[in-house]
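To start, the structure itself, in structure tokens.
The values are calculated or read from the model by the stated rules, or taken from the named source; none is laboratory data. Note that this is a predicted model, so its numbers are computed, not measured. As a convention, Cβ positions derive from the backbone with ideal geometry for all residues, glycine included, and neighbour counts pool all protein chains shown. Just the protein is used for accessible areas: all its heavy atoms, side chains included, with ligands, DNA and RNA removed. Shrake-Rupley method; radii C 1.70, N 1.55, O 1.52, S 1.80 Å.
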Amino acid sequence: MISLGCDVGSLCTKLVLVDDDRLLGHRLVRTTGRIGEELPALRQELLAEAGVAASDVAYLGATGAGAEWV
């Protein structure tokens, strides 16, 4: 099962895409004042890079100061 995790911290935002125990891709970017607007594009870039459709993601986990934006 493919899972997407996102941690929106005060300094950095981290995204990780895994299929069970296999890492498919990751992103680490500096958190900006516009991270809520930037997250959809970051998520799409990560999925495209891994060759995964959004509909294939079974689980989404979010944590951190900006988790509500995920």
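Annotations
- Inside the stretch 17-56, residues that are of a type in the set (Val, Ile, Thr), within 17 Å of Ile2 (Cβ to Cβ) and under 11 Å from the mean Cα position of the chain (by Cα) make up a count of 1.
- Residue match in the stretch 30-47 (condition: surrounded by 12 or more Cβ atoms within 10 Å (Cβ to Cβ), modelled with pLDDT under 95 and not in a helix (DSSP H, G or I)): yes
- Answer from Val70, Val16 - the residue that is surrounded by 10 or more Cβ atoms within 10 Å (Cβ to Cβ) and in contact (Cβ under 8 Å) with a residue 60 or more places away in the chain: Val70
- Within the stretch 30-41, residues that are among the hydroxyl-bearing types (Ser, Thr, Tyr) have Cβ atoms under 8 Å from residues that are open to solvent by less than 60 Å² (accessible area, probe 1.4 Å) in these pairs: Thr31/Val8; Thr31/Gly9; Thr31/Cys12; Thr31/Thr13; Thr31/Gly66; Thr32/Glu38, counting only partners at least 6 apart in sequence or on another chain.
- Qualifying position, being open to solvent by less than 80 Å² (accessible area, probe 1.4 Å), in contact (Cβ under 8 Å) with a residue 40 or more places away in the chain and not acidic (Asp, Glu), among Gly5, Gly51, Gly25: Gly5
- Among (1) of a type outside the set (A, V, I, L, M, F, W, C); (2) touching a Ser or Thr at 6+ places or on another chain (Cβ under 6 Å); (3) modelled with pLDDT of 95 or more; (4) surrounded by 14 or more Cβ atoms within 10 Å (Cβ to Cβ), the one test that Tyr59 misses: (4)
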